[in-house]
Amino acid sequence: MRGFIVPRPFVDRFLIFLLLILAPAARAQQRLLTIDDIFDPAKKVNFGGTVPNIRWLKDGTHYLLANDPSNSNVPRLQKVNALTGAATAFHDAAKMEAAFKALGGLSDADAKQLANRGSYDFNHKETAVLIKFANDLFLYELGTDTALRVTNSAEEEVGETFSPNDRMIGFVRSNDMYVFDLATQRERRLTTDGNPKILNGRLDWVYQEELYGRGNFEAYWWSPDSTMLAYLRLDESPVHEFSVVDHIPYHQNVEVTPYPKAGDPNPVVQLGVINAAGGATRWMDTYKYQPADFLIVRVSWTPDSKKVVYQAQNREQTYLDLNFADAKDGKSNTVVHETSKTWIEVIDNPRWLKDGSFLWQSERSGWRHLYHYASDGKLVRQVTDGKWEVRSLEGVDENKGLVFITSTEYSHIAPQPYRIKLDGTGLTRLATTDGSHRMVLSPANNHFVDFWSDLNTPTQTRLYDTEGKLVRVIEENKVEALKQYKLGKPELLQVKTRDGFVMEAMMLKPPDFDPQKKYPVMSFTYGGPHSPQVRNAWGGTTGVWYHALAQKGYIIWVCDNRTASGKGEESTWPVYRNFGELELRDIEDGLTWLKSQPFVDGLRIGISGWSYGGFMTSYALTHSKSFKIGIAGGTVSDWRDYDTIYTERYMGTPQNNPEGYKKSSPVHAAKDLHGKLLLVHGTIDDNVHMQNAIQFVYELQKAGKQFELMLYPKSRHGVTDPLLLKHMRTMMTEFIVANL
């Protein structure tokens, strides 16, 4: 075939045409991230997109969708048909608003706000909502014209709940328990000795933080038949108090809180049962647990309301007992006894089945798995098994004999949804997309909402049936803004320690990476037991900040030491009674691999972390010469300064392990500081107190070591005020650029 010649003017015009078409796309991908893009409250870009706020309704067919309050075109709350996506207003907000206006004592703005919330505490029938507002409780029966003011007191009510039959509301006021009878509209005080030192039905700081969940005040539990309440009575008298000072008000605000430090007395706990109708408390027989500083770490009931189910541990948490106590006379017997050469971590209450048997989660094999027990505590069988973890028990379909879980069977860094038969066979993965999945199972056990993301993709939301078939994409969440920026490509890697443990790692190179150049490295760590940071999941705002640092010419490195890896409880056991040493050794083994790469400048490596990660950063800079800089936020500098329940679980008490505490604390090694250290702390941190930073500062000063310190007023264990957060990330970025 003979060739032909294209005229030159035509070629020139065609090239110009291509440039005009392609140039905008090329330019769009060349933007560099700024701190304003990520953190400025007025200018920041929404890199995470839209993640629906979904709660299944009890019919199992519909879910409740909370819409963004700025979108006035749709109701704040919608009832959505899960299969079709058809949505209607969940309730008549105008009618609800009018009911609150008619109640009196509330402004028009307050009434409007109460009627247009994004979430409510529902009764069990989902026919009424309980609202806490201005330190009082309000009730509204959906669809009616009247609202009810449940409380009208100068004192705050906390821990409010509906009774299982929806006829009463429980709450705690001034550390005493109350019940409000909806039929008579009268409240009844159940306990009378509550005071600042005696907490009835209310959790103290350490029980919230380390056992029952941060911000959870509730320490009472209704019997299923609504006739009784089991509750904890916490006596704070022996607990030392700690003062946190807010220096911003003209007259300082001083918070004084009972805070048991490692080795100091814990609150004295009792477990009682009281009738909802009132009367004397019946104390459960916990007397075998001596001395009195044992822990009651979970409480529930048997389905027949005859027995209180409670889990108890000794102070150092080397065992855990599952006990059944007779609600009438308090006599107690141990049904399951968990032991360990190190510690036992509390997981969850038993999951009851119709025949009175129950599912129990245990890490006795070194990996969290499900066990099926008969009602008398006899083991029927182990349901799940393997070198992987059950991360959550989502539901049970007894009619089909199926259990729904999320687990790490497929990937240690990306939990997936599964089902398995009660007899332990038929393990089936229900969503096959690589990446992390969060499963929210329908009450009917026929569908689940799946929240999925990976390293490069913000969370997407889909509906699956429980056979694993995709039914509907709820929110694809295409974040167009990400396409405008010049971003590097995160890589997931595995690196072996010197003794062969496989560590998971993530490396992010600069977007214009040149393999012929040598780059400084900024590494990030947490390091604490069973707290992995390497996840095949969208990294949120922090992950976007990593990209901003990479654009400035840094390799970002996150590598989970073995005890933080999430690879079973067995991977954490080697840290027992000695924080810091093994974690640092593993971190340095990761650096050994990193330094072997021709594009890494081994003399310019930084490390940063918060909380346990702040401890690890401080420990690394005082026990290693591998790091040029370190940024330590919310640092535990001496483990004697941290609370009993967390610290003693892993370290024992200082009385029983004085050498371990001394070796594990950076304050005792301040004279060995190497590299440039930046300490960051919130001045009203009520978790890791600023005392940790001050003690470390003092030792560094006495040792003649120079460092930098930044304090954030009105910030607790984390900087959350948007303006202060922007300041902090700006300051951290500038510190890295100036010193690495």
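Read-outs throughout are calculated quantities, based only on the coordinates presented, and are distinct from any laboratory measurement. Please read these numbers as outputs of a predicted model, since none were measured by experiment. Here the Cβ is made from the backbone with ideal geometry for all residues, glycine too, and neighbour counts use every protein chain on show.
A simple count of charges around Gly143, restricted to other residues whose Cβ falls under 12 Å of its Cβ and scoring Lys, Arg +1 and Asp, Glu -1, yields -3.
Our summary gives the chain a relative contact order of 9 percent, counting only alpha carbon pairs under 8 angstrom and 6 or more residues apart. Under the convention that each Lys and Arg Cβ holds +1 and each Asp and Glu Cβ holds -1, the size of the dipole of the chain around its Cα centre is about 2300 debye. Counted by neighbouring Cβ atoms within 10 Å, the residues Asp225, Asp643, Asp304 run from fewest to most as Asp304, Asp225, Asp643.
Roughly speaking, what % of Cα-Cα pairs in segment 598-739 are separated by over 26 Å, rounded to a whole number? Across segment 598-739, Cα pairs with separations above 26 Å total 24 percent.
Report, to the nearest 10°, how far helix 691-702 tilts away from the longest principal axis of the Cα atoms in the chain, using its own Cα long axis and a range of 0 to 90°. The two axes meet at around 50 degrees. To the nearest 0.05, what FRET efficiency results for Lys400 and Lys702 with a Förster distance of 56 Å applied to their C-beta separation? That pair, Lys400 with Lys702, gives E of 0.25. Computed from the Cβ-Cβ distance with R0 of 41 Å, the FRET efficiency linking Gln270 to Ser596 stands at 0.10. Using the structure shown, list the pairs from Lys43/Lys628; Lys44/Lys489; Lys567/Lys671; Lys261/Lys496 with a Cα-Cα distance above 27 Å, or answer none. Flagged as over cut-off: Lys43/Lys628; Lys567/Lys671; Lys261/Lys496.
Between amide H atoms placed 1.01 Å from N, distances below 5 Å from Arg368 occur with Val390, Glu569, all of them 5 or more places distant or on a separate chain. Rounded to the nearest whole angstrom, the semi-axes of the ellipsoid equivalent to segment 485-739, taken from the Cα gyration tensor as √(5λ), stand at 27, 22, 17, largest first.
Computed about the Cα centre, the dipole magnitude for segment 433-577 is approximately 500 debye when only Lys and Arg (+1) and Asp and Glu (-1) carry charge, each at its Cβ.
Considering only Val688, Gly630, Gly553, and ranking their Cα positions along the charge dipole of segment 485-739 that arises from unit charges at the beta-carbon of Lys, Arg, Asp and Glu, the one farthest toward the positive end is Gly553. The stretch between Lys58 and Thr84, if pulled fully straight at 0.36 nm per residue, gains 7.6 nm over its current Cα-Cα span. Entry for segment 615-674 at q = 0.14, 0.17, 0.21, 0.30 Å⁻¹: log10 I(q)/I(0) = -0.40, -0.56, -0.79, -1.23, Debye formula applied to identical alpha-carbon scatterers, no solvent contribution. Seen against the Cα atoms of the chain and their longest principal axis, helix 581-595 is set at about 20 degrees. The base-10 log of I(q)/I(0) for segment 460-593, evaluated at q = 0.22 Å⁻¹, reads -1.22 [Debye formula, identical scatterers on Cα atoms, solvent excluded]. If you wrap the Cα atoms of segment 196-352 in a convex hull and average its projected area over all directions, you get 11.0 nm².
Among Thr281, Thr146, the ranking by other beta carbons within 10 Å of each residue's beta carbon, starting with the fewest, stands as Thr146, Thr281. Listed from fewest to most Cβ neighbours within 10 Å, the set Leu493, Leu114 follows the order Leu493, Leu114.
A simple count of charges around Ile131, restricted to other residues whose Cβ falls under 11 Å of its Cβ and scoring Lys, Arg +1 and Asp, Glu -1, yields -1.
Each other residue within a Cβ distance under 12 Å of Gly159 adds +1 if Lys or Arg and -1 if Asp or Glu, for a net charge of -3. When the chain is described by a simple charge dipole with +1 on each Lys and Arg Cβ and -1 on each Asp and Glu Cβ, the residue from His369, Phe294, Ala42 located farthest towards its positive end is Ala42. The Glu475 and Leu103 beta-carbon pair, evaluated with R₀ = 45 Å, returns a calculated FRET efficiency of approximately 0.75. For Lys676, the amide hydrogen comes within under 5 Å of the amide hydrogens of Ile629, Gly630, counting only partners 5 or more places away or on other chains and with H modelled in the peptide plane. Ellipsoid semi-axes for the chain, based on the Cα gyration tensor and the rule √(5λ), read 44, 35, 28 Å when sorted largest first. Helix 722-739 and the longest principal axis of the C-alpha atoms of the chain enclose an angle of approximately 40°. Which log10 I(q)/I(0) values, to two decimals, does segment 392-476 give at q = 0.24, 0.26 Å⁻¹ under the Debye formula with one point per Cα? Once normalised to I(0) and log-transformed, intensities are -1.20, -1.37. Taking amide H positions as modeled 1.01 Å from N, with prolines and chain starts lacking one, the residues under 5 Å from Val297 and 5 or more places away or on another chain are Gln311, Ala312, Gln313. Taking the Kirkwood radius as Rh and the Cα radius of gyration as Rg, segment 651-701 has a ratio of Rg/Rh equal to 1.01.
Measure out, as a whole number of angstrom, how far apart the alpha-carbon centroids of segment 223-268 and segment 94-142 sit. Spelled out, the Cα-based centre of one part sits 31 Å from the other.
Dividing the summed -39500 (n - 2.57) terms of all DSSP H runs of n ≥ 4 by the residue count of the chain sets its mean residue ellipticity at 222 nm at -5500 deg cm²/dmol. The charge dipole of segment 610-740, taken about its Cα centre with unit charges on the Cβ of Lys, Arg, Asp and Glu (plus for the first two, minus for the last two), comes to roughly 360 debye. The simple spin-label model puts a point 7 Å past each Cα toward its Cβ; for Ser72 and Glu467 those points are separated by 4.7 nm.
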